[in-house]
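Peer 1: What follows is a single structure, and I will ask about it in a moment.
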Amino acid sequence: MRKLAIGTLLGASLALSSCGEKSKTEGGGAATAEEAKSQSHVLAGKGGKIPAKGVTHTVESSGDMKEAKMKIEAAGQTMEGSMTRSESSVEKWEHVADNKARRTLESKTVGGAMNVAGQDQPIPEEKDALVGVPVIVELKDGKYAASLESGTATSEQTKALEKLAETVEKDSDFGMYGDAPRKVGDKWDVDPKSLGAFGEASDLSGTYSIEFVEVKDFQGTPCAVLKSVFDISGKTEAEGEGEPAMTVKIKGEAISHRSLADKTDLDAKITSTMTMEGSPAPQVKMNVEGPFNLHQKATVKKN
């Protein structure tokens with residue numbers, strides 16, 4: 001049976017890093033929170049995944065889907081059960097040169113349990129081919145590429161490198177915020193297609209809206225507090241020849257704190273309900289629905 005990978009829910013769109021230096025006024029002093037509230041702010045810039053010179057981002061992500069209800073129809077029978085799944089990862093992004101970064105997936109763990117008709121079912125272990133492997137992500141001729149820093153990539157690593165490059169290329173952060181100035185009280189809609197992907201799902205449709213709630217100090221730095229409300233759906237890619245895609249629906253909200261100085265999120269929490277349905281094997285229909293929560297946070301080191 002096809003594995004049900006949740007993935008990292010916001011992908012590049014919530015690629016988080018810690019607030020850095022305080023925002024500066026034209027006079028050179030630190031901007032107060034009150035001053036920041038009355039100003040307009042550009043929340044994103046193209047190429048935001050590549051850290052600035054002398055900067056390292058370390059991103060921690062953890063998500064879980066607990067006790068999701070599951071229904072399977074096969075051979076004229078209907079079976080009910082439940083599924084629990086969790087995933088956590090730590091990745092580091094280091095500035096190497098202009099338009100070039102070193103990305104290292106320091107760790108990634110995936111766990112879970114599934115029970116069908118009262119019987120526990122094993123969930124195959126999932127491994128990421130790039131764990132512990134330094135990767136160079138570079139912007140070349142207007143397009144991003146990812147390659148091993150040294151050595152020759154295996155077939156599994158080649159696929160993972162291609163997926164990583166696609167994620168960076170889609171620049172979901174820019175798709176969400178753009179480079180239009182925003183201020184407290186602003187609300188805007190985001191075309192789901194501009195997100196590129198949402199976790200494991202692509203070809204997105206539905207609604208996604210963002211509100212600039214307030215400017216608030218977070219870890220000593222003025223940050224935009226942003227509330228996102230979404231109800232979107234998409235499809236996962238088939239993992240093997242002849243395997244149909246699964247439809248993924250997700251509805252919920254996210255609260256993030258985005259550094260006004262660094263134009264990057266430092267903390268985000270998502271509360272949502274996820275539904276996955278489709279035919280993971282011939283003549284088999286599956287439906288899984290349950291709560292999905294995600295927390296991402298990061299630190300920034302400036303050399």
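Peer 1: Take the stretch 163-205 and flag every residue that is over 28 Å from Val135 (Cβ atoms), open to solvent by 50 Å² or more (accessible area, probe 1.4 Å) and not in a loop (DSSP other than H, G, I, E, B).
Peer 2: Lys187, Asp189, Ser205
Peer 1: Go through the residues of the stretch 238-250 one by one and say whether even a single one is in a strand (DSSP E or B), closer than 28 Å to Lys71 by Cα, modelled with pLDDT under 90 and open to solvent by less than 10 Å² (accessible area, probe 1.4 Å).
Peer 2: Yes, the stretch 238-250 contains at least one residue that is in a strand (DSSP E or B), closer than 28 Å to Lys71 by Cα, modelled with pLDDT under 90 and open to solvent by less than 10 Å² (accessible area, probe 1.4 Å).
Peer 1: Another question about this same structure. Does Thr299 satisfy the condition of being modelled with pLDDT of 85 or more and not in a loop (DSSP other than H, G, I, E, B)?
Peer 2: For Thr299, the condition - modelled with pLDDT of 85 or more and not in a loop (DSSP other than H, G, I, E, B) - is not met.
Peer 1: Condition test on Lys235, is it surrounded by fewer than 15 Cβ atoms within 10 Å (Cβ to Cβ), under 25 Å from Val116 (Cα atoms) and in contact with an Asp or Glu (Cβ under 6 Å, 6 or more places away or on another chain)?
Peer 2: no
Peer 1: Specify which of the listed residues (Thr236, Thr299) is under 30 Å from Gln77 (Cα atoms), of a type in the set (Ser, Thr, Tyr) and in contact (Cβ under 8 Å) with a residue 24 or more places away in the chain.
Peer 2: Being under 30 Å from Gln77 (Cα atoms), of a type in the set (Ser, Thr, Tyr) and in contact (Cβ under 8 Å) with a residue 24 or more places away in the chain holds for just one of Thr236, Thr299, which is Thr236.
Peer 1: I've got another one for you. Could you say whether any residue in the stretch 47-54 is at pLDDT below 55, loosely packed, with under 15 Cβ neighbours inside 10 Å and more than 19 Å from Leu195 (Cα to Cα)?
Peer 2: Looking through the stretch 47-54, none of the residues is at pLDDT below 55, loosely packed, with under 15 Cβ neighbours inside 10 Å and more than 19 Å from Leu195 (Cα to Cα).
Peer 1: Which residue out of Lys302, Lys216 is over 20 Å from Met70 (Cα atoms), open to solvent by 70 Å² or more (accessible area, probe 1.4 Å), in contact with a Cys (Cβ under 7 Å, 6 or more places away or on another chain) and of a type outside the set (A, V, I, L, M)?
Peer 2: Lys216
Peer 1: Those residues that are surrounded by fewer than 20 Cβ atoms within 10 Å (Cβ to Cβ) and out of contact with any Phe, Trp or Tyr (no Cβ under 8 Å at 6 or more places or on another chain), I need them from the stretch 264-277; list them, please.
Peer 2: Matches in the stretch 264-277: Lys269, Thr271, Thr275, Glu277.
Peer 1: Here's something else I'd like to know. Pick out, from the stretch 65-154, the strands (runs of 3 or more DSSP E) lying fully within it that include 2 or more residues that are charged (D, E, K, R), open to solvent by less than 50 Å² (accessible area, probe 1.4 Å) and within 18 Å of Thr275 (Cα to Cα).
Peer 2: In the stretch 65-154, the matching strands (runs of 3 or more DSSP E) lie at 77-97.
Peer 1: Sticking with this structure for a sec: What is the residue count in the stretch 278-291 for residues that are open to solvent by less than 20 Å² (accessible area, probe 1.4 Å) and farther than 16 Å from Ala68 by Cα?
Peer 2: Number satisfying all stated conditions: 1.
Peer 1: Scanning for something touching an Asp or Glu at 6+ places or on another chain (Cβ under 6 Å) and in a loop (DSSP other than H, G, I, E, B), does the stretch 267-289 turn up at least one residue?
Peer 2: no
The values are calculated or read from the model by the stated rules, or taken from the named source; none is laboratory data. Because the structure is a prediction, the values reported are computed rather than measured. Note that each Cβ is placed from the backbone with ideal geometry, even for glycine, and that neighbours are counted across all protein chains shown. Ligands, DNA and RNA are excluded from the accessible area calculation, which covers all protein heavy atoms including side chains. Shrake-Rupley method; radii C 1.70, N 1.55, O 1.52, S 1.80 Å.
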